[in-house]
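Only the coordinates and a few stated rules stand behind these numbers; no lab work does. Please read these numbers as outputs of a predicted model, since none were measured by experiment. When we count neighbours, we look across all protein chains shown, and the Cβ atoms used for this are built from the backbone with ideal geometry, even at glycine.
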Amino acid sequence: MGRKLTDSGSPPIKRTRGGHYPDGAASGEQAMDAASDEDAMDSQGQEAASAPEHRQRRSRMRPRTIAGRRLTRAEIQEGIELVDDMWYERPKTRADCVDGPRPCPFVSCKYHLYLDVKDETRSIKLNFPHLEVWEMEHTCALDVAENGGLTLEDVGHILNLTRERVRQVEVAGIEKLKASGVVEDIERIFGIDTKFD
């Protein structure tokens, strides 16, 4: 089966969920005109460079959370039975796994970036619901930390978070360090002023 085409030979512009056309167009014809204008700009240069970046941001798949209370008793029992059948031995220290296979197959490790498990809520957050584990570029938070300092943008890309969310987590982490007294211990031991202020 072929795709439907308009008189101009291009695919029809579809409405969004709210019944609106993209880019605020009032009708399908205005949306088609806007799309053809955009194509013309893309072929000319500068606007084309920023277009893929914009599309990339929109195409980012949001993490998905599976609530623990939504799991049926049968699913929980199946998970418990699977644990008994697992015979492999997971690395116990960083030295055991540093030269291990990458992408890391041990998704249950707390440093694995594929999913997060919250014991309090019994929920599972899939950080990359659109990827399989073997398709991920980075799978271990410890490997990423060993690479050194990264920008908020880079960390957001690795964790599938926005730059702003990474900044919020950073601020919350620094506040926790200050409250626990770790910052004062660092200053006392090393005799340096930290950049946590």
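Overview of values
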| item | result |
| --- | --- |
| Radius 13 Å from Cβ of GLY68, net charge of other residues (Lys, Arg +1; Asp, Glu -1) | +2 |
| Pair THR65, GLU187: separation of 7 Å Cα→Cβ label points (nm) | 3.5 nm |
| FRET efficiency, ARG165 to THR121 (Cβ-Cβ, R0 25 Å, nearest 0.05) | 0.85 |
| Gain in span if fully extended, MET86 to LEU177, counting 0.36 nm per residue against the direct Cα distance | 29.0 nm |
| Fewest-first sequence of THR65, THR151 by Cβ atoms within 10 Å of each Cβ | THR151, THR65 |
